[in-house]
Amino acid sequence: MSKEELIKGLNEDLAAEWGTIIRYTYQAGKSFGILGAELREIFEEETQDELGHAAFLTDVIIDLGGEPTTIPRQFDKPNNLKAMLELDLQMEQGDIENYLKHSKMAEDLGYVELKMKLEEMAADEAGHARELRRLIKGL
Ligand SMILES: [Fe+2]
Ligand SMILES: [Fe+2]
């Protein structure tokens, strides 16, 4: 395993974050009614977390000598609220797995701060996943 592989992994994480920022913004716009009003607030709040993650990954990739991606990962656009939230939950869970995988890579390469920060970001996504599960339960 090499630094290049780590940079590649972090760039996949970054593309996922850009995609999530766009997805949550898009979904906030598509959230109607009383439940939609609450959802919009949650999406806006979580978008700020994802923006922080994207900014951190951008800085780290540059620091490692890589070129940070500006291309978001594409996402599905389900029509109903439940399918939308289930998609979000699935994507947050995938992000958790990827951050933990890449934190292990960072540890193996001796990047202690990066390892810890990626674990922290996995924990942020786990918080988002918990919030989504609560919302889905109420539907
Ligand atoms: Fe994130
Ligand atoms: Fe998230």
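The values are calculated or read from the model by the stated rules, or taken from the named source; none is laboratory data. None of the values given here were measured: they were computed from a predicted structure. Please note: Cβ atoms are built from the backbone with ideal geometry, for glycine as well, and neighbour counts cover all protein chains shown.
Annotations
- The residue pairs whose first member lies in region 33-48 and is farther than 18 Å from ARG130 by Cβ, whose second member is surrounded by 12 or more Cβ atoms within 10 Å (Cβ to Cβ), and whose beta carbons are closer than 6 Å, counting only pairs six or more residues apart or on different chains, are ARG40/ALA28; ARG40/SER31.
- LEU139 vs. criteria at pLDDT below 95 and either surrounded by 19 or more Cβ atoms within 10 Å (Cβ to Cβ) or not in a helix (DSSP H, G or I) (or both): yes
- Filter result for the condition that a residue is surrounded by 17 or more Cβ atoms within 10 Å (Cβ to Cβ), in contact with a helix residue (DSSP H, G or I) (Cβ under 9 Å, 6 or more places away or on another chain) and among the β-branched types (Val, Ile, Thr), over ILE71, ILE42: ILE42
- Only helices (runs of 4 or more DSSP H) whose full extent lies in region 2-108 are considered here, and the ones with at least 3 residues that are farther than 22 Å from ALA126 by Cα are 3-29, 33-63.
- Residue pairs meeting the criteria (Cβ under 6 Å; at least 6 apart or on separate chains; first within 16 Å of THR20 (Cβ to Cβ), in region 120-134; second more than 8 Å from ligand 2 (Cβ to nearest atom) and of a type in the set (S, T, N, Q)): ALA129/GLN93
- Region 55-84, subset of a type outside the set (Ser, Thr, Tyr) and in contact with a Pro (Cβ under 9 Å, 6 or more places away or on another chain), residue farthest from LYS3 (Cα to Cα): MET84
- Within region 100-126, the residues that satisfy the criterion of being of a type in the set (Gly, Ala, Ser) and surrounded by 14 or more Cβ atoms within 10 Å (Cβ to Cβ) are SER103, ALA106, ALA122, ALA126.
- Subset tally (residues that are more than 13 Å from ligand 2 (Cβ to nearest atom) and buried (at least 18 other Cβ atoms within 10 Å of the Cβ)) for region 8-30: 5
- Among the residues listed as LEU114, LEU109, LEU85, the single one being within 20 Å of LEU139 (Cα to Cα) and either within 16 Å of ligand 2 (Cβ to nearest atom) or in contact (Cβ under 8 Å) with a residue 24 or more places away in the chain (or both): LEU85
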